[in-house]
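Undergrad: Please see the structure below; I have some questions.
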Amino acid sequence: MRSIPPEIAQAKALQTLLLANNELTSFPAEMGQAEALQSLNLYRNDLTSFPAEMGQAKALAYLNLGFNHLTSFPPEMGQAKGLRTLNLQNNQLTDFPAEIASLPHLRHLDLSNNLLTQVPRALLDAPVDAEIDLQNNPLPDAEIQAVRDAIAERRAAGQPVPNLLLPPLAEEAGDLREAVANEMNVHTGVLTRAFKKRLDDLARQFPDHLNGSNEQQRHAMQEIETRLISALDAHALDPAHDAAALAKARNIARLMFQKGLGELPVFVNDFQHVVTGSDADVVTGTTGHVLSYTFLALEAQWTRTPESHQAEARENGMKELVSALDSGSGRCDTRLCEEVLQMVGLPLSTHAEAHPEVVAIQPVQSSIEESREIVMEAAKKVLQALLDIDPALSNESPPAVWRSTLAATMQRDHPNVPAEQVEKQMQYIESAWESFHEIVVEQHAGDR
């Protein structure tokens with residue numbers, strides 16, 4: 001689809017318009033007359049311009065124009081006073097209109113990965129709680145330092161300034177690359193066996209998704225990405241949500257999908273998961289697979305939820321997903337994969353636990369071998385904690401507190417392990433308690 005009919009603007013009740021990944025080369029100026037339009041997603045299209053008339057869309061709160069080919073942005077958009085989130089990442093902007101900084105409700109402005117060589121000083125006058133991302137622009141060191149000095153002067157004078165994310169100076173960039181390399185060397189492991197098994201089980205639950213050749217998988221992943229971005233769009237419309245966390249979650253999701261789409265390389269500290277496609281085409285899994293399967297599980301949960309509670313289920317699910325992505329500290333490696341996969345096996349929120357009518361995602365059960373490993377590790381940690389309290393803890397028989405604490409820990413942290421497997425493994429440990437106690441004491445002493 002290269003264009004959309006301008007008549008769609010006549011839909012007076014239209015609030016959300018999702019047109020990501022549609023190869024659009026133009027967007028009708030008439031859409032500025034859509035009085036109720038709040039969210040417009042034009043992510044990943046082929047737009048080279050955006051109509052100035054869209055500044056008349058007074059209700060517009062979310063506008064996503066990321067990954068297009070815009071060389072300029074209309075200053076008239078400064079008239080769209082309701083705009084809170086404006087995503088212009090990965091375009092070809094060489095300058096940016098000062099009028100946008102005057103938007104009173106602006107909370108997130110993404111100008112990363114453009115061609116800016118100067119920072120419009122008007123951005124320093126944007127709302128103090130706005131986050132403005134200017135990273136990965138070819139800003140000269142002198143310009144970066146000048147903006148830093150201007151920010152420092154304002155702060156010294158007691159004037160509030162928004163949060164500007166600037167590229168590092170050339171010297172700092174070298175230090176940063178070295179620090180990242182060191183960090184990656186510290187954490188080079190692949191997904192733990194339990195989480196890899198969970199991903200494999202999730203893949204089997206969705207046999208019609210993300211299989212076949214590389215190209216087929218990329219196409220399927222793009223469709224999932226579009227739906228995820230749309231869900232984030234809807235989530236972002238609620239002013240009560242943390243704009244910074246949402247912006248970070250969106251960026252991390254993009255990184256994860258870029259690896260799945262082959263736009264970024266996959267490193268050893270991402271993870272290793274093999275997807276076998278057609279024609280003997282074996283694909284090494286990426287963080288994009290993790291996020292795709294997790295979102296498919298969320299969608300399955302929403303489908304199972306009674307219609308009267310679907311809004312709650314969506315809110316809970318997106319809140320947990322945003323939280324997991326926000327915790328990634330700007331990375332999409334093994335640790336973040338485990339964070340994201342963890343939510344698949346847990347109730348989506350304490351609210352969902354208190355309202356069983358809101359269906360939660362069913363935990364993916366671990367295998368017997370996997371269950372033994374998980375229970376054993378948890379049993380050791382519980383005993384170590386008890387030894388910290390009472391180093392003279394008897395080795396003759398397991399204390400009741402050990403069993404009750406371990407049972408509660410497993411139920412809280414590992415709901416994917418079947419209860420019968422937990423009980424069976426506890427009985428096994430209790431039957432060899434003296435040896436188990438001795439091993440844990442030795443390990444505990446060594447750790448200290």
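Read-outs: derived from the displayed coordinates by stated rules, not from any lab. Predicted model, so just to flag it, every value in this text is computed and none were measured. All Cβ positions, glycine included, derive from the backbone under ideal geometry; neighbour counts span all protein chains shown.
Undergrad: With label points built 7 Å along Cα→Cβ from the Cα atoms of residue 355 and residue 263, find their separation and express it in nm.
TA: Using points 7 Å along Cα→Cβ, the separation is 3.5 nm.
Undergrad: Work out the FRET efficiency for residue 439 and residue 205 from their Cβ-Cβ distance, taking R0 = 41 Å, and round it to the nearest 0.05.
TA: So, using R0 = 41 Å, E works out to roughly 0.65.
Undergrad: Determine, from the Cβ-Cβ distance of residue 2 and residue 384 and an R0 of 60 Å, the FRET efficiency 1/(1 + (r/R0)^6), rounded to the nearest 0.05.
TA: Efficiency at R0 = 60 Å is approximately 0.40.
Undergrad: Obtain the nm distance between the two label points defined at residue 115 and residue 92 by a simple spin-label model: each point lies 7 Å from its Cα along the Cα-to-C-beta direction.
TA: Inter-label distance under the simple model: 0.6 nm.
Undergrad: What is the order of 414, 289, fewest Cβ neighbours within 10 Å to most? All intermediate terms of the calculation are to be shown ahead of the outcome.
TA: On the way: 414 20, 289 27.
So the residues, fewest neighbours to most, are 414, 289.
Undergrad: For residue 377 and residue 125, calculate 0.36 nm times their separation in residues minus their Cα-Cα distance, and state this gained length in nm to one decimal.
TA: The span from residue 377 to residue 125 would gain 85.4 nm if fully extended.
Undergrad: Could I ask something else about it? On the Cα set of the stretch 368-447, report Rg and Dmax in Å, please.
TA: Using the Cα atoms of the stretch 368-447, the pair Rg, Dmax is 12.0, 34 Å.
Undergrad: Please list log₁₀ I(q)/I(0) at q = 0.10, 0.19 Å⁻¹ for the stretch 6-175, using the Debye equation with identical point scatterers on the alpha-carbon positions.
TA: Each listed q corresponds, in turn, to -0.39, -1.21.
Undergrad: Let me ask another. Sticking with the crude label model, points 7 Å out along Cα→Cβ, report the distance from residue 152 to residue 69 in nm, one decimal please.
TA: Computed distance between label sites residue 152 and residue 69 equals 4.2 nm.
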